[in-house]
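First comes the structure, then the notes that go with it.
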Amino acid sequence: QVHLVESGGGLVQAGGSLRLSCAARTIFMINSMAWYRQAPGKQRDLVAISRLGSTNYADSVKGRFTISRDNAKNTVYLQMNSLKPEDTAVYYCNVNVGINDRRDYWGQGTQVTVSS
């Protein structure tokens, strides 16, 4: 099994910064760690993903958000700078584990609210 614990959300003014953390407890090999977000009434979208040796970002956050990992701690971070009101959403950590049978696991979600 995989247990994910997220932290770091909150309320911030536009232009401010927040850092999200997600710690994964698992015996399985981690293939990727990612952050998604879901605004009210909208679908859940990929924000950033970290795979072995590569990272990718949604166009809307490029240059403002940075995803990083501490593999020794199985922890992924999302540094969010220059936040905008449109970044307001519930942010979810996602971890993909396994070799032959790959599975996705989700964190409980953390609210990020950016005021104008």
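The values are calculated or read from the model by the stated rules, or taken from the named source; none is laboratory data. All of these numbers come straight from a predicted model, not from anything done at the bench. FYI the Cβ positions are ideal-geometry reconstructions off the backbone, even for glycines, and counts take in every protein chain you see. The protein model used for the area step is the full one, side chains on, heavy atoms only, and it has no ligands, DNA or RNA in it. Shrake-Rupley method; radii C 1.70, N 1.55, O 1.52, S 1.80 Å.
Scan the strands (runs of 3 or more DSSP E) fully inside region 1-106 and keep the ones with 2 or more residues being touching a residue at least 24 places away in the same chain (Cβ under 8 Å).
Numbers: elements: 2-7, 10-13, 18-26, 30-38, 45-51, 54-57, 65-70, 75-80, 89-97, 103-106.
Filter on region 1-106 gives 2-7, 10-13, 18-26, 30-38, 45-51, 65-70, 75-80, 89-97, 103-106.
Considering only region 9-23, state which residues are open to solvent by less than 50 Å² (accessible area, probe 1.4 Å) and at pLDDT 95 or above.
The answer is Gly10, Val12, Gly16, Leu18, Leu20, Ser21, Cys22, Ala23.
Filter region 47-78 for residues that are under 20 Å from Ser115 (Cα atoms) and either out of contact with any strand residue (DSSP E or B) (no Cβ under 9 Å at 6 or more places or on another chain) or open to solvent by less than 60 Å² (accessible area, probe 1.4 Å) (or both) and give the result.
If the condition is that a residue be under 20 Å from Ser115 (Cα atoms) and either out of contact with any strand residue (DSSP E or B) (no Cβ under 9 Å at 6 or more places or on another chain) or open to solvent by less than 60 Å² (accessible area, probe 1.4 Å) (or both), then Val47, Val61, Arg64, Phe65, Leu78 are the ones that fit.
Tell me which residues, restricted to region 80-106, are under 14 Å from Asp45 (Cβ atoms) and over 12 Å from the mean Cα position of the chain (by Cα).
Glu86, Asp87, Thr88
Thr26 passes all but one of (1) surrounded by 15 or more Cβ atoms within 10 Å (Cβ to Cβ); (2) closer than 20 Å to Val112 by Cβ; (3) not aliphatic (A, V, I, L, M); which number fails?
Just one mismatch for Thr26, condition (2).
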